[in-house]
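Reviewing the structure listed below.
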Amino acid sequence: MIRTIDLTGGPGERGATHGSVLREEIHAHLVQRMRLAGDGSWSGQRLGRERILEEMELSLNAHDRFDSGLLAECEALAYSAGITLPEAILLGGFTDAVDLLRSRVAEDDCTAVIVPPDETHGPILAQTWDMHDTAAPYVTMLHIRPESGPPALVFTTAGCLGQIGMNATGICVGINNLTAAEGAHGVSWPFVVRAALGLSRIEDVVDMITGTQLMGGHNFMVVDASGLGYNIEAMPQKTVVDELGSRPLVHTNHCLHATTKAYEAVITTDSMVSSRSRYERAVRLLADGPVSVGDAMDLLRDEPVICRRSEAPLNIESCGAVVMNPADGELYACQGVPADVEFDKFTQ
């Protein structure tokens, strides 16, 4: 069973609980991400700790303007865990930080789909969470019960405000990494995920995402219990929205629109092959429909294309996966390679 932590109360109380309960894990996870940010394996250039944290510091005003409550939660998390606020921004928004720091691209992460409702079931949002293979031990579920706003179930890692989730009104949010040629001193993607889960109308979620100055490139998939769903390719400079129709939406780690592709970094051949192969495989697997929760789990376990195992030099692996069924209020999640483990069921 994935470790689950209850976060209740206001921002300070939620952050303090997160930071104190996961203090050891947060420190260990931060060491790994600082190493990966600085050794050049992800950013393409060797960088010192001071330079990395300077860039995170420059984004704090944007985070405060975006949502001061979430920044207060992150600050309380950092204080309780014994790390700095810029370190917490790096820890949670690692791939966005890489967009700010990079001189070349060598990364690829996550396969996500939204399946429209049909006569047998409601909509489904499902995705792998692919990351460096050292990240899997830090996977955590948060059950957030705020003083105001809807409760939410959130898949995340130690020290990160949130990565994938569903709130009590049926709003679901999933993500894929995109590689921006140029980052900005904007808002990191975990703040956007948590802000989305604080809303009750899918239209407000789309407006919030498309209206936010982002730190790096990210793709957001959102859907509600009625089946209204959208895919949002979001670069710091441009966003493009696709609405869910009668066919599933699929996204991996390359831009599908020319307007966002214009701001995409040049992706290495191996990473582009991976992203396109996963995209094409998911489209084929979803073509026959209808798709149940069990079918979605099987898709995320598909080896060797969608469900990935660590290979040098980047050692990217499917470190977990999530399937959300908002019409029934169910979220299923696993920790580790999906082909090797069972999914745990969570409800509000």
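The values are calculated or read from the model by the stated rules, or taken from the named source; none is laboratory data. Fair warning: this is a prediction, and the values are worked out from it, not measured in the lab. Glycine gets a Cβ as well: all are built from the backbone with ideal geometry, and neighbour counts include every protein chain shown.
Going by what's in this entry, would Ala72 be described as surrounded by fewer than 22 Cβ atoms within 10 Å (Cβ to Cβ), hydrophobic (A, V, I, L, M, F, W, C), under 15 Å from Gly12 (Cα atoms) and not assigned by TED's automatic domain parsing to the domain that holds Leu199?
Considered against the rule, which asks whether it is surrounded by fewer than 22 Cβ atoms within 10 Å (Cβ to Cβ), hydrophobic (A, V, I, L, M, F, W, C), under 15 Å from Gly12 (Cα atoms) and not assigned by TED's automatic domain parsing to the domain that holds Leu199, Ala72 comes out as yes.
Considering only the stretch 293-323, how many residues are over 15 Å from Thr111 (Cβ atoms), at pLDDT 95 or above and surrounded by 15 or more Cβ atoms within 10 Å (Cβ to Cβ)?
Total meeting the criteria: 1.
Would you mention how many residues in the stretch 304-319 are more than 19 Å from Val115 (Cα to Cα) and out of contact with any Asp or Glu (no Cβ under 9 Å at 6 or more places or on another chain)?
3
Looking at the stretch 263-280, can you tell me whether even one residue there is in a loop (DSSP other than H, G, I, E, B), at pLDDT below 95 and over 22 Å from Trp189 (Cα atoms)?
Checking the stretch 263-280: at least one residue is in a loop (DSSP other than H, G, I, E, B), at pLDDT below 95 and over 22 Å from Trp189 (Cα atoms).
Could you tell me how many of the residues in the stretch 185-228 are outside any loop (DSSP other than H, G, I, E, B) and either without any contact (Cβ under 8 Å) to a residue 24 or more places away in the chain or farther than 23 Å from Thr95 by Cβ (or both)?
5
Condition test on Leu71, is it closer than 27 Å to Ala196 by Cα, in a helix (DSSP H, G or I) and under 22 Å from the mean Cα position of the chain (by Cα)?
Against the criterion (closer than 27 Å to Ala196 by Cα, in a helix (DSSP H, G or I) and under 22 Å from the mean Cα position of the chain (by Cα)), Leu71 qualifies.
May I ask you to say which residue of Gly170, Gly162, Gly149 is assigned to a loop (DSSP other than H, G, I, E, B), under 14 Å from the mean Cα position of the chain (by Cα) and either more than 24 Å from Thr252 (Cβ to Cβ) or without any contact (Cβ under 8 Å) to a residue 60 or more places away in the chain (or both)?
Just one listed residue meets the conditions, Gly162.
Which pairs have Cβ atoms under 6 Å, sit 6 or more apart or on different chains, and link a residue in the stretch 328-340 that is on the phi > 0 side of the Ramachandran plot to one that is in a strand (DSSP E or B)?
Short answer, once both residue conditions are applied: Gly329/Thr347.
I'd like the full set of residues that are farther than 23 Å from Gly183 by Cα, assigned to a loop (DSSP other than H, G, I, E, B) and not hydrophobic (A, V, I, L, M, F, W, C), limited to the stretch 1-46.
Arg3, Gly10
For the stretch 246-262: of the residues being assigned to a helix (DSSP H, G or I) and in contact (Cβ under 8 Å) with a residue 12 or more places away in the chain, which is nearest to the chain's Cα centre (by Cα)?
Top of the filtered list is Thr260.
Tell me, which residue of the stretch 303-348 that is small (Gly, Ala, Ser) and part of a loop (DSSP other than H, G, I, E, B) is nearest to Thr156 (Cα to Cα)?
If we take residues in the stretch 303-348 being small (Gly, Ala, Ser) and part of a loop (DSSP other than H, G, I, E, B), then Gly336 is nearest to Thr156 (Cα to Cα).
Among (1) of a type in the set (Val, Ile, Thr); (2) buried (at least 24 other Cβ atoms within 10 Å of the Cβ); (3) assigned by TED's automatic domain parsing to the domain that holds Ala287, where does Ile89 come up short?
The one condition Ile89 does not meet is (3).
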